[in-house]
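Here the structure comes first, spelled out in structure tokens, and everything after it is commentary.
The values are calculated or read from the model by the stated rules, or taken from the named source; none is laboratory data. Computed from a predicted model, the values in this text were never measured in an experiment. Here Cβ is always computed from backbone atoms with ideal geometry, including for glycine, and neighbour counts include all displayed protein chains. In case anyone asks, the SASA skips ligands and DNA or RNA and just uses the protein heavy atoms, side chains included. Shrake-Rupley method; radii C 1.70, N 1.55, O 1.52, S 1.80 Å.
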Amino acid sequence: MTLGQILLIVIGHTGEKGLPGRTRLQKLVYFLSKRMHLPASYSPYYYGPYSEQVSASLESLVERGLIDENVNTFESDGPFEGKKYTYTLTEDGRAVMEALRRKHADEFQRISEHISALLSNAPSTRALAVASKLLILRERSREHAASPGKLRRLAEKFGWRDISNQDVRDGVDLLVKYGLIDSDARNQAELASSN
């Protein structure tokens, strides 16, 4: 399946209420890419791993009328106006998604199961963002068993100063639940954050 087709399935999985936010979509697809080896490369960015391919595919789907992008603006503390995006499938998008369900039944099912697991374990976008930051930091460090303290120090190099001990525990717990790291990492996080 193409990245665009996968985005249709991810957004379609959220139903009528839609998928709230670009950051949430980036993180969901990031975790899918770790489980299913999707064709998207990621780099560290302000809110965690970011993929230009995901952004370009999303923009293409909106332009083709398969995804509806609803933008709500609000005042923010900074110099720029805040924007909140919500994505839903259009009628044409739902038709394409149903065709994908029939044509790629097994892969469609695997993607749906992974998205359900992610959403049930991490209801907030912040939880997904923190967990994705921790995972990319573990991958970029030379030690896959990097301690939470080391992960926080690495995070600061990327400007991610908002990761607390509790965030590390919660993020590691999510990564363990999702099967991306083993339970030894959870024990390390608990030990390091209790000091």
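Heavy-atom accessible surface of the chain, averaged per residue, reaches 54 Å², computed with a 1.4 Å probe. Dipole of the chain computed with +1 at Lys/Arg Cβ and -1 at Asp/Glu Cβ about the Cα centre; of 61, 119, 130, farthest Cα towards the positive end is 130. Taking the protein heavy atoms of the chain in the context of the full set of protein chains, the accessible area attributed to carbon and sulfur is 46 percent at 1.4 Å.
Once you charge only the Cβ atoms, +1 for Lys and Arg and -1 for Asp and Glu, what is the size of the charge dipole of the chain about its Cα centre, to the nearest 20 debye?
Using only the charged Cβ atoms, the result is roughly 540 debye.
Ellipticity at 222 nm from helices only: DSSP H runs of n ≥ 4 in the chain, each -39500 (n - 2.57), divided by the residue count, give -19500 deg cm²/dmol. Taking Cα atoms only, the orientation of helix 105-121 departs from the longest principal axis of the chain by about 50 degrees.
Once the Cβ-Cβ distance of residue 141 and residue 164 is raised to the sixth power relative to R0 = 30 Å, the FRET efficiency obtained is 0.95.
What is the Cα radius of gyration of the chain over 2.2 N^0.38 Å, N being its residue count?
1.06
Annotation: extensible slack from residue 94 through residue 73 equals 4.9 nm (criterion: 0.36 nm per residue apart, minus Cα-Cα distance).
With a Förster radius of 30 Å applied to the beta-carbon distance between residue 56 and residue 153, the computed FRET efficiency rounds to 0.35.
Expressed as an acute angle from 0 to 90° and rounded to the nearest 10, what is the orientation of the C-alpha long axis of helix 125-140 relative to the principal long axis of the chain? For 125-140 against the chain, the angle is about 60 degrees.
Note on residue 63 and residue 124: with the Förster distance fixed at 30 Å, the Cβ-Cβ geometry gives a FRET efficiency of about 0.50.
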